[in-house]
Amino acid sequence: MSEKLASLKQKGGGNLTETTLWTNSSPTSGFNASNVTLSDSTNNYKYIKIYWRTSTSNSTIGSIIIDKDTWDTMTEASNHPKAGIAAYTNSATHNRIIFKVSATEIRVGLCYQVGASTYSANNVIPTKICGLK
């Protein structure tokens, strides 16, 4: 069990079950910006968990857990918050924004190098999206 999941349980999360809602079928390939369709509605979960791989050449996995109430505010609207996933690779930090399109669709943005206008599909590759309840 991940440290974050154990922490959620200690904060009253109870026995959380992780359900995979989407899996990247090519996690070692570059990932362009796209909408991802989930197999179930995010409305059925207390938390959304997003996993990503550092790069096509670095298999280190990161993850973020977002509570449902916060997730519901993360839309494309200009004044709404977005989630960010990031990794340090090739001597630079790279990040992507992620936000809710609908209860069954998530937008994964381009991967930009922090402090630059360049982007690369080969960094911060989403590998799995899960629901926790």
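The values are calculated or read from the model by the stated rules, or taken from the named source; none is laboratory data. Note that the structure is a prediction, hence the values are computed from the model and not measured. Here Cβ is always computed from backbone atoms with ideal geometry, including for glycine, and neighbour counts include all displayed protein chains.
Remarks
- Of the residues making up segment 13-52, those that are touching a Gly at 6+ places or on another chain (Cβ under 8 Å) and closer than 23 Å to Tyr119 by Cβ are Ala33, Tyr51, Trp52.
- In the set Thr37, Thr70, Thr60, Thr118, only one residue is within 25 Å of Asn15 (Cα to Cα), out of contact with any Phe, Trp or Tyr (no Cβ under 6 Å at 6 or more places or on another chain) and surrounded by fewer than 18 Cβ atoms within 10 Å (Cβ to Cβ); that residue is Thr70.
- Qualifying positions in segment 30-51 - part of a strand (DSSP E or B) and farther than 12 Å from Pro126 by Cα: Thr37, Tyr47, Ile48
- In segment 118-133, residue farthest from the chain's Cα centre (by Cα) [restricted to those that are more than 22 Å from Asn58 (Cβ to Cβ) and assigned to a strand (DSSP E or B)]: Leu132
- So Ser102, is it surrounded by fewer than 17 Cβ atoms within 10 Å (Cβ to Cβ), among the polar types (S, T, N, Q) and within 11 Å of the chain's Cα centre (by Cα): no
- Against the test of being at pLDDT 95 or above, more than 12 Å from Cys130 (Cβ to Cβ) and either out of contact with any Phe, Trp or Tyr (no Cβ under 9 Å at 6 or more places or on another chain) or surrounded by fewer than 12 Cβ atoms within 10 Å (Cβ to Cβ) (or both), the options Asn79, Asn15, Asn43 yield a single qualifying residue, Asn43.
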